[in-house]
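Please read the structure below before turning to the comments.
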Amino acid sequence: MFEIPAEDIIVKPQEEKPLSPLEAIKNGCMKFSDFSGTASRYEYWWFFAFALVIAALATLVHNKAYQLVAIVALVPFVAVGTRRLNDIQQSPWWQLMWLVPFGQLVVLYLSALKPKE
């Protein structure tokens, strides 16, 4: 009727470009104070692996280095965990299970879930 193809009018949702591992780690570190929003499984697990490797390396260096790394990495780790739990529509308070014996398994299980649509 107006000679405009329907494809030109329909707005298609833009696909998010997947993050590289380095971008996921950088994103986790830069958003250390952002406790709202969401984090993908990919972003969470790359940041988790990064924190684990850095803590292991610091342990090899010295016990005080490990303590320093643990304190510095705590807030970004809690922030990315909060965003991950927001992504699966769970309460961020589930992270307190890290403090309970074997509660870590619950948090890791929840973090591995696919986001609810």
- Over the range 41-72, the set of residues farther than 19 Å from Trp94 by Cβ and open to solvent by less than 50 Å² (accessible area, probe 1.4 Å) is Ala49, Ala55, Ala58, Ala65, Val69, Ala70
- For the range 37-77, what are the residues that are aliphatic (A, V, I, L, M) and touching a residue at least 40 places away in the same chain (Cβ under 8 Å)? Ala39, Val75
- Restricting the range 21-40 to residues that are surrounded by 15 or more Cβ atoms within 10 Å (Cβ to Cβ) and aliphatic (A, V, I, L, M), the residue that is nearest to the chain's Cα centre (by Cα): Ala39
- Message: Can you list residue pairs whose Cβ atoms sit under 6 Å apart, with the first residue in the range 103-117 being assigned to a helix (DSSP H, G or I) and the second being basic (Lys, Arg)? Count only pairs 6 or more apart in sequence or on different chains.
- Response: Ser111/Arg84
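The values are calculated or read from the model by the stated rules, or taken from the named source; none is laboratory data. Predicted model, so just to flag it, every value in this text is computed and none were measured. A quick note on method: Cβ atoms are made from the backbone with ideal geometry, for glycine too, and the neighbour counts reach across all protein chains shown. Ligands, DNA and RNA are excluded from the accessible area calculation, which covers all protein heavy atoms including side chains. Shrake-Rupley method; radii C 1.70, N 1.55, O 1.52, S 1.80 Å.
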